[in-house]
1. Within straight cross-link reach of Lys67, meaning Cα distance under 20 Å, which lysines are found once same-chain residues fewer than 8 apart are removed?
2. To the nearest 0.05, how large is the calculated FRET efficiency for Glu36 and Ser128 if R₀ is 30 Å and r is the Cβ-Cβ distance?
3. What number, rounded to the nearest 500 deg cm²/dmol, is the helix-based mean residue ellipticity at 222 nm of the chain, given -39500 (n - 2.57) per DSSP H run of at least four residues and division by all its residues?
4. Tell me which trypsin sites (Lys or Arg not before Pro) from the range 293-353 have a DSSP coil assignment and no more than 11 other beta carbons within 10 Å of their own.
5. Would you pull out the residues with amide H under 5 Å of Leu181's amide H, same chain only if 5 or more places away, H placed 1.01 Å from N?
6. What does the C-alpha gyration tensor say about the overall shape of the range 200-344? Classify as rounded when a/c is under 1.5, otherwise prolate if a/b is larger than b/c, or oblate.
7. For Thr22 and Leu316 in one chain, what is 0.36 nm times their gap in residues minus the Cα-Cα distance, to one decimal in nm?
8. How much length, in nm to one decimal, is gained on full extension between Asp355 and Ser280, taken as 0.36 nm per residue of separation minus their Cα-Cα distance?
Amino acid sequence: MSPQRDLLYERLYNHVLGDIRTGALRSGDRVPSEKELARAHGVSRITSMRALQNLERAGLVDRVRGKGTFVASDVARVLDAPSADGARPRRSRRLTMRIAFLLPDASPAYGLELLNAIEERAAENDFSMVLKRTHGLQEEEERAIERLVHSGSVDGLIVFPVNGEFYNASLLRLALAKSPLVLVDRYLRGIAATAVVTDNLAAARELTGHVLDRGHRHVAFVSSPPKNTSSIEDRLAGFGTAFSQRGLGLDGQHVLTTLTIGMRMAGSNGQRYARAGIESDREVVREFIATNDSITAFIASEFPIAQLIRDVMSELGRLDGTMITCFDSPRDRFVEPHFTHIQQDEHEIGCRAVDLLLSQLEGTQTPSRSIVPHELVRLPE
């Protein structure tokens, strides 16, 4: 486990605690407000708020709505109460700091390693973690954020946003309020919220370039709707850029961006699709292929879409000679990948997200976007 870091709010907590211990602040005395503490100690309001919250949780102060914060009437008893080992109690961040991770779902192809990394990094920093799956539903994501924020049960959030034509209003409010928030996998265009992402434009350009360099000239990009989903928007842009860089025109580009698979998958091994909408997606892909019979290669924005394409091409008897590629793939050292793919570094994304959230809780400004390197994994030819 990594050594504990001396957080700014802990320093402020200990400063007020010191005043209580020395008698500078006595039972019933008013404690400086969040604003006053922030100004006096050169920290953010978020930092001073968390210090006062932790003092309240420790039973050292009482916060009275509309009046202020006061030293608890029984503060002497709280300070004198021994712990189980006979030592005087010390406030532990393990008991006070809690973060939430919201994600659509997790599969071996993408999400599971991300979840593991966030959970492990949180434990290393003595954070407890609340996990909420939103099942790819924007309304579920919004409800979860509202419940967590209004209840005050978490100190910060890491959010893997769902695909959606519109931004989640609760997420926007958090970002605009500069609340402790880190997005993973995608970012909000035009909104200054910290996000940890892959350079999806560069990754799609590299993957498409690899396909074009293998001699394919009619290539299809297949995804769910890209609007307001930065990862898909950037992958689509990278797809087009690879053609432009090689002086190839639009005639060889084929685009299908209406699938509903998105993040919804079923099955513990990631091999089954969610039932809802799969048959309609299958028919859409079948019609698209029939209409564009010159296509010899596919760039799928996600692994389950690549699986669907492979199934349809196999049913049509056109799998031989067709190149199917995608983003991400289940990782198992005993199983060869199904497709040439871009492998995102989920572990680094998760660790970096926790580190950036920790920095925000310390009152440190964090970058709006943190780029994590990717890898092109080629299948043997």
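Laboratory data are not the source of any read-out in this text; all were calculated from the coordinates shown. What you see is a predicted model, and the numbers here were worked out from it, not measured in a lab. Counting neighbours? That spans all protein chains shown, and the Cβs are built from the backbone with ideal geometry, glycine included.
1. Within the straight-line limit of under 20 Å, Lys67 reaches these lysines: Lys35.
2. On the way: r = 30 Å, r/R0 = 0.99.
Once the sixth-power term is evaluated, E becomes 0.50.
3. -12500 deg cm²/dmol
4. Answer by residue number: Arg333.
5. Sorted by chain and number, the residues that satisfy this are Leu157.
6. Rounded shape, in that the Cα axes give a/c under 1.5.
7. Result: 97.7 nm gained on full extension.
8. Numbers: separation 75, 0.36 × 75 = 27.00 nm, distance 4.15 nm.
Result: 22.9 nm gained on full extension.
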